[in-house]
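The values are calculated or read from the model by the stated rules, or taken from the named source; none is laboratory data. Since this is a predicted model, take the numbers as computed values, not measurements. Because the Cβ atoms are built from the backbone with ideal geometry, glycine has one as well, and the counts that use them run over all protein chains shown.
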Amino acid sequence: MSEDKGAGASMKQIDTVQTKDYIARAIRQEILSGRIKAGEELTQEDLAETMGVSRMPIREALQTLAQEGFLLRLPNRHMQVVALNKEEIAGTFSLLAAMETEILRQIVDAGKDLTILEEKLTKGIEFHFALANLLGNVYIKQIHSKLIEGYVEYAIESIKDKEMPVSALREIITAAKNNNELEMSNAVKAYYKIYAKVFTVGR
């Protein structure tokens, strides 16, 4: 690991009661931000010392990130950071756009109140969790949550112009209230294109 920008260089120590999910999120954000570089090797020992936790949650977090495609297990049992694949990121966003359009369609068809979504317009990732919760399908909620974590969560937190996605969400809500499926689909696609630029501009 590089001396000045290695794994966890900007990560603060966390309390030992934090779960592997919190640790995985912290490391994932470091990778997506570029603070942990592609090709860099991560070890349980170094990360445990940096983050102030035991090796067990670190090991579990690294396994999660390997399953998500962020890390590659090496023969020496270290983990190597995989280079970001912009095509895969774009594919993930396209899949989410299609999925959330269908979720909206089912919500509208069921005549559910969209007030909670309007209340979450400026709450970033909370809007997406509220959307899945409103549908009420636990299985879809779990799949949706896994897709949101990682690329989308990072993009939401990192985008500089916070008003642009909020404006796009308002258009989505308007289309849903009008029960116009084509407008909903186009609005959701436009929304995710905004976040896709986080991974293409300046990289």
Complete set of residues in region 175-189 that are assigned to a helix (DSSP H, G or I) and either outside the structural domain of GLU102 (by TED's automatic domain parsing) or surrounded by 14 or more Cβ atoms within 10 Å (Cβ to Cβ) (or both): ALA175, ALA176, GLU181, GLU183, MET184, SER185, ASN186, ALA187, VAL188, LYS189
Search result, residues across region 57-66 that are of a type in the set (A, V, I, L, M, F, W, C) and under 13 Å from TYR22 (Cα atoms): ILE58, ALA61, LEU62, LEU65
Only residues in region 42-54 that are within 18 Å of ILE31 (Cβ to Cβ) count as the first member; pair them with residues that are modelled with pLDDT of 85 or more and in a helix (DSSP H, G or I), Cβ under 6 angstrom, at least 6 apart or cross-chain, and list the lot. GLN44/ARG55; GLN44/ILE58; GLN44/ARG59; LEU47/ILE58; ALA48/ARG55; ALA48/ILE58
Got a number for residues in region 142-191 being under 15 Å from LEU104 (Cα atoms) and not hydrophobic (A, V, I, L, M, F, W, C)? 14
Just the residues that are assigned to a loop (DSSP other than H, G, I, E, B) and either in contact with an Asp or Glu (Cβ under 9 Å, 6 or more places away or on another chain) or of a type outside the set (S, T, N, Q) (or both), please, taken from region 26-46. GLY34, ARG35, ILE36, LYS37, ALA38, GLY39, GLU40
Filtering region 134-166 down to residues that are surrounded by 13 or more Cβ atoms within 10 Å (Cβ to Cβ) and more than 23 Å from LEU84 (Cβ to Cβ) yields LEU134, LEU135, ASN137, ILE140, LYS141, VAL166
Just the residues that are in contact (Cβ under 8 Å) with a residue 60 or more places away in the chain and either among the β-branched types (Val, Ile, Thr) or closer than 18 Å to ALA187 by Cβ (or both), please, taken from region 104-161. LEU104, ARG105, ILE107, VAL108, LEU114, VAL152
